[in-house]
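A.B. asks: Below is a structure I'd like to ask you about.
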Amino acid sequence: MMSLQILFVVIVIGLAFDSEADKIVFPGWGEYNFGTYSGHLTFGTGLRKFHYIFLESQSNPATDPVVLWLGGGPGCSSLLGLNEEIGPFVMVDDDRVFKKNPYPWNTRVNLLFIDQPAGVGFSTNNDPTYEYNDINSGEDNYQAILVWFSIFKQYQKNRFFIAGESYAGMYIPYTARAIVDGNKQAVIKIPLEGVLIGNGLLVTDPIKRNSALQEFFLKRNFMSPTTTNTIRKICSVSPNSIKCQLAQAEFKKVCLDSDINIYNVYGYCQRDSTPEFLKQKEASGRKIRYPFVPWYEGNSYGDDDEEKDPCSDFGPINEYYNNAQVQDALHIQDRPQFWSACSKDIFFKYTMNKEGSYKILPYLNKLGIRILIYSGDQDAIVSVVDTEQALLMIPDIQQIGSRTPWGNKNLDLAGWSTNYNFLKFVVVRGAGHMVPQEQRQNSFEMMDSFINNNELPKYK
């Protein structure tokens, strides 16, 4: 737990900044009528700085909640969420042009994006002794949030939420725990009310994850009935048998070492259009096919094959944030800075907690933090099966009522929701790993309902 002395240092650092000095106009967005800010948050000893971007709500920024969005990885920028998912202007294809998002989250909330841990995006780390792990990430995030609230004092009474996806399933619970523990003695109390975790990694045990991944593919008929029957029945009792080994080899070839789009198994893989001179040259020399999710099981197969697509195109966003005029407009320090959507170096330095994060959720709930876990049903990385099994591992978890279909305002079937004693779990129909990118309306209405503590409308 952070000491009072460090808290004092954090607050003093924050007080030295003026939010108006960070006000910007986003290049390439076109006209808009809400405040936008970009700057750096310095905390602790000052050796680590987090880059942030803040968008005022288009409704009533003075009273609307503040939602912090955290990216995944570990090592991927939160600005992926801004530029491709929940921001007011998004890049929806490879033409390098921003288009208006019809369902931006800042229609109803103030949006804060922080690149973390230090070294991701435009955030920097000058501490060679720093250890990258989930506990330190949560504590650093807490310190950075404190600094942000000390700069933007007018929002200290607004309701506060943390949202994110993928590895944010680890970041968010550890950050929330650091906040609720820190609030017990902090001068500035962060008004955390809830968290929203999308397709989030809650269990890091590779054996449990691989079992869930396999079941996800089997349920969707990616394997023949014979292979499916072998894996489910024979492998469960005779994992070393020839029949099981052959079935497992077929599964790995078809579902892991293939061109299936793991972010959306019913979509198509994209080739990364990032120019060679903008591609990160990681110190480790190791290759990762899927840099957005470097811990995914499929990274162990065919990673030497240069012809296999990574199924995600970071080209447009890499080109945008490496543009000198963009960096100048965003007040990036020590320009020019090399910007990468995902830092593989950070991942290779990062120690993932073997306990996962699922055990933290009851603790948060008992302290009054509302929890929404949501999952796109076409994602293979952290699938619906993976999440459902992770939730059942939570100590004393109890389902309340039955699984219920929910609909959007157009009366379309949007998905299914299940209430538990500690949280709400929502499946978003027709979405993959990046739910707000593929189901903009449904994810927006889900977020808006949760933020305002309303029930999702039932599908009739």
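A.B. asks: Is it the case, given these coordinates, that TYR358 is at pLDDT 95 or above, assigned to a loop (DSSP other than H, G, I, E, B), of a type in the set (Phe, Trp, Tyr) and closer than 30 Å to LEU413 by Cβ?
C.D. replies: Judged against the criteria, TYR358 is a match.
A.B. asks: In addition: Any idea which residue in region 64-111 is farthest from the chain's Cα centre (by Cα), counting only those that are within 18 Å of GLU445 (Cα to Cα) and of a type in the set (Ser, Thr, Tyr)?
C.D. replies: Ranking the qualifying residues of region 64-111, first place goes to THR107.
A.B. asks: Oh, and also: Which condition from (1) at pLDDT below 95; (2) surrounded by 20 or more Cβ atoms within 10 Å (Cβ to Cβ) is the one that LEU411 breaks?
C.D. replies: (2)
Residue-by-condition table, conditions (1) touching a residue at least 60 places away in the same chain (Cβ under 8 Å); (2) of a type in the set (A, V, I, L, M, F, W, C); (3) under 17 Å from GLY298 (Cβ atoms):
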{"position": "ASN229", "(1), (2), (3)": "no, no, no"}
{"position": "GLN248", "(1), (2), (3)": "no, no, yes"}
{"position": "SER258", "(1), (2), (3)": "no, no, yes"}
{"position": "TYR263", "(1), (2), (3)": "yes, no, yes"}
{"position": "GLY267", "(1), (2), (3)": "yes, no, yes"}
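A.B. asks: Among the residues of region 184-199, what is the count of those that are at pLDDT 95 or above, over 16 Å from PHE152 (Cβ atoms) and assigned to a loop (DSSP other than H, G, I, E, B)?
C.D. replies: 1
A.B. asks: Looking only at region 33-52, which residues are crowded, with 16+ Cβ neighbours inside 10 Å and over 26 Å from the mean Cα position of the chain (by Cα)?
C.D. replies: none
A.B. asks: Can you tell me which residues in region 302-323 are closer than 18 Å to SER77 by Cβ, in contact with a Lys or Arg (Cβ under 6 Å, 6 or more places away or on another chain) and at pLDDT below 85?
C.D. replies: Residue satisfying the conditions is PRO310 alone.
A.B. asks: Next up: Are there any pairs with C-beta distances below 7 angstrom linking a residue in region 372-394 that is closer than 22 Å to ASN453 by Cβ and free of Cβ contacts under 8 Å to residues at least 40 places away in the same chain to a residue that is in a helix (DSSP H, G or I) and not β-branched (Val, Ile, Thr), with the two at least 6 apart or on different chains, and if so which?
C.D. replies: ILE394/LEU361; ILE394/PRO362
A.B. asks: For the condition at pLDDT 80 or above, over 30 Å from VAL92 (Cβ atoms) and not in a helix (DSSP H, G or I), what is the one hit in ASN261, ASN240?
C.D. replies: ASN240
A.B. asks: What residue, among those in region 95-135 that are farther than 20 Å from SER166 by Cα and in contact with a helix residue (DSSP H, G or I) (Cβ under 6 Å, 6 or more places away or on another chain), is surrounded by the most Cβ atoms within 10 Å (Cβ to Cβ)?
C.D. replies: Out of the qualifying residues, it is ARG108.
A.B. asks: Considering each residue of region 105-135, count those that are touching a strand residue (DSSP E or B) at 6+ places or on another chain (Cβ under 6 Å) and β-branched (Val, Ile, Thr), and give that number.
C.D. replies: Selection size over region 105-135: 3.
A.B. asks: Looking only at region 132-165, which residues are in contact (Cβ under 8 Å) with a residue 40 or more places away in the chain, among the charged types (D, E, K, R) and part of a helix (DSSP H, G or I)?
C.D. replies: Within region 132-165, ASP134, GLU139, ASP140 qualify.
A.B. asks: Of the residues that make up region 414-431, is at least one at pLDDT 95 or above, among the small types (Gly, Ala, Ser), under 19 Å from the mean Cα position of the chain (by Cα) and surrounded by fewer than 24 Cβ atoms within 10 Å (Cβ to Cβ)?
C.D. replies: yes
A.B. asks: Quick check: is even one residue across region 166-175 surrounded by 22 or more Cβ atoms within 10 Å (Cβ to Cβ), touching a residue at least 12 places away in the same chain (Cβ under 8 Å), on the phi < 0 side of the Ramachandran plot and among the small types (Gly, Ala, Ser)?
C.D. replies: Yes, some residue in region 166-175 is surrounded by 22 or more Cβ atoms within 10 Å (Cβ to Cβ), touching a residue at least 12 places away in the same chain (Cβ under 8 Å), on the phi < 0 side of the Ramachandran plot and among the small types (Gly, Ala, Ser).
A.B. asks: Got a sec? Which strands (runs of 3 or more DSSP E) wholly within region 12-119 have at least 2 residues that are farther than 23 Å from MET434 by Cα and touching a residue at least 60 places away in the same chain (Cβ under 8 Å)?
C.D. replies: 36-43, 48-55
A.B. asks: Can you give me the number of residues within region 398-419 that are of a type outside the set (Val, Ile, Thr) and either closer than 16 Å to SER375 by Cβ or touching a His at 6+ places or on another chain (Cβ under 6 Å) (or both)?
C.D. replies: Selection size over region 398-419: 10.
A.B. asks: Same structure, new question: Given the structure, is THR351 crowded, with 22+ Cβ neighbours inside 10 Å, among the polar types (S, T, N, Q) and either closer than 30 Å to CYS269 by Cα or touching a His at 6+ places or on another chain (Cβ under 6 Å) (or both)?
C.D. replies: no
A.B. asks: Continuing with the same structure: At pLDDT below 90 and either in contact with a Pro (Cβ under 9 Å, 6 or more places away or on another chain) or among the hydroxyl-bearing types (Ser, Thr, Tyr) (or both), is that true of THR36?
C.D. replies: no
A.B. asks: Give region 14-28 a look and list any residue that's surrounded by fewer than 14 Cβ atoms within 10 Å (Cβ to Cβ) and either aromatic (Phe, Trp, Tyr) or at pLDDT 95 or above (or both), or say none.
C.D. replies: Result: VAL25, single match.
A.B. asks: Working only within region 80-100, note down all residues that are under 13 Å from PHE292 (Cα atoms) and either of a type in the set (D, E, K, R) or touching a strand residue (DSSP E or B) at 6+ places or on another chain (Cβ under 6 Å) (or both).
C.D. replies: Result: GLY81, single match.
The values are calculated or read from the model by the stated rules, or taken from the named source; none is laboratory data. Fair warning: this is a prediction, and the values are worked out from it, not measured in the lab. Quick reminder, even Gly has a Cβ in these numbers, built from the backbone with ideal geometry, and neighbours come from all protein chains shown.
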